[in-house]
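Here's the structure, in structure tokens; my notes come after.
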Amino acid sequence: MNKIESIYRYPIKGLSGESMTSVVLKAGEVIPGDREYAFARAGVQFDSDKPEYLQKTNFLALVRDEKLAEFDTRFDPESKSLSIFQDRILALEADLVDPADCLKAAEFFRDYLAILPDNCPSLVRATGGTTGHSFSDVPNKAISLINLKSVSEFGEKISAAVDPIRFRGNINFEGDEGWQEFDWLDRELSIGEVILRAFKRTQRCAATMVNPDTAERDINVPKKLHENYAHMDMGIYTEVIAGGEIKCGDEIELI
């Protein structure tokens, strides 16, 4: 049985995720609020009314900024309040509706990441939130799945404990077999009344080298994947064909 173990959304690209017990999905959309915001690097042009896909290097992200993993963030989707904790101590609280607070948050990360004063990032969001645009690593409105058995087998191969949070998936599931998810490409999956279509394997980058607990680059995940499997992929991207509610414990079935 392929069973959902955990569901996550990442309100701000590059920052920590939030665990969810259930979520309602809509056809053609991401998990509501997932990668809704991002800190764009200085000079990056983003039109909130006409959003277009930009590569992850245009934003603050673990691929280049591993120190972001030192923070634990909480985001209230109703009040739009962002709380940033370091070592369980509140370091910053910002109202993301208030431009002054958005600037304060951007300056906080500028200073912490030792970015030059004139290169301050800016907080960006599409009009309408994730219904308008999600700051995903792919142009599609995708929901990512991680097979925990694949992660476990990979860890055994390299004799290391690999935390699946490194892969920042939306749905982590306990699969019947490791790597079976790659056989799901171009096929449809059901989770209750929800139908997903798997369309792409997720190629891994330097972001996965960052230990989510220590914020250190301690395992070269892409290199280890390539050495052991002749690819650098972990997980798959899916799109929602038919919406509905999913929850932890639900079974994923191949149609």
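FYI, it's all coordinate maths here, none of it is from the lab. Model, not experiment: these values are computed from the prediction. Cβ atoms come from the backbone with ideal geometry, glycine included; neighbour counts cover every protein chain shown.
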*Hey, quick one: spin label on residue 160, modelled 7 Å out along Cα-Cβ, who in the range 202-216 has an amide N within reach, i.e. under 17 Å?*
204-216
*What do you get when you divide the Cα radius of gyration of the chain by 2.2 N^0.38 Å, with N the number of residues?*
0.99
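Based on the Cβ-Cβ distance of residue 214 and residue 107, what FRET efficiency does E = 1/(1 + (r/R0)^6) give at R0 = 30 Å, to the nearest 0.05? Intermediate results must be reported in sequence, preceding the final value.
Numbers: r = 26 Å, r/R0 = 0.85.
Plugging the Cβ-Cβ distance into 1/(1 + (r/R0)^6) gives 0.70.
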*Which of the listed residues, 68, 91, 232, is farthest toward the dipole's positive end in the chain, when Lys, Arg count +1 and Asp, Glu count -1 at the beta-carbon?*
232
*asked:* If you filter the range 153-255 for GluC sites (Glu not before Pro), then keep DSSP loop positions with at most 16 other Cβ within 10 Å, what is left?
replied: 177, 193, 216
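Beyond 22 Å, what percent of the Cα pairs of the range 1-108 remain?
Values: 2123 of 5778 pairs.
In whole percent, the share of Cα-Cα pairs in the range 1-108 beyond 22 Å is 37.
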*Taking amide H positions as placed in the peptide plane 1.01 Å from N, state which residues far from residue 92 in sequence (5 or more) or on other chains have amide H under 5 Å from it.*
84
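Once fully extended, how much extra length lies between residue 57 and residue 116, figured as 0.36 nm per residue of separation less the alpha-carbon to alpha-carbon distance?
Details: separation 59, 0.36 × 59 = 21.24 nm, distance 1.70 nm.
Length gained, residue 57 through residue 116: 19.5 nm.
So which of 50/149; 56/149; 80/157; 200/224 end up more than 31 Å apart by C-alpha? Can you show the working numbers first?
On the way: 50/149 40 Å; 56/149 27 Å; 80/157 42 Å; 200/224 21 Å.
In this structure, 50/149; 80/157 exceed 31 Å between Cα atoms.
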*asked:* Please list, ordered by chain and number, the residues whose modelled amide H lies under 5 Å from the amide H of residue 3; skip anything fewer than 5 residues away on the same chain.
replied: 174, 252
*Quick one: what Rg and Dmax do you get for the range 113-178 from the alpha carbons, in Å?*
17.4, 51
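Going highest first, how would you order 29-35, 81-87 by mean Cβ packing within 10 Å?
Values: 29-35: 21.7, 81-87: 15.7.
Going by the mean number of other Cβ atoms within 10 Å, highest first, we get 29-35, 81-87.
I need the calculated FRET efficiency for the pair residue 177 and residue 245, taking r as the beta carbon distance and R₀ as 25 Å, to the nearest 0.05. Mind dumping the intermediate values first?
Numbers: r = 27 Å, r/R0 = 1.07.
Rounded to the nearest 0.05, the efficiency is 0.40.
Could you line up 187, 41 from fewest to most neighbouring Cβ atoms inside 10 Å?
Details: 187 12, 41 19.
So the ranking, lowest neighbour count to highest, is 187, 41.
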*Using alpha carbon centroids, what distance separates the range 100-145 and the range 152-213, in Å?*
25
_For 8, 37, 112, order by how many other beta-carbon atoms lie within 10 Å, fewest first_ = 112, 8, 37
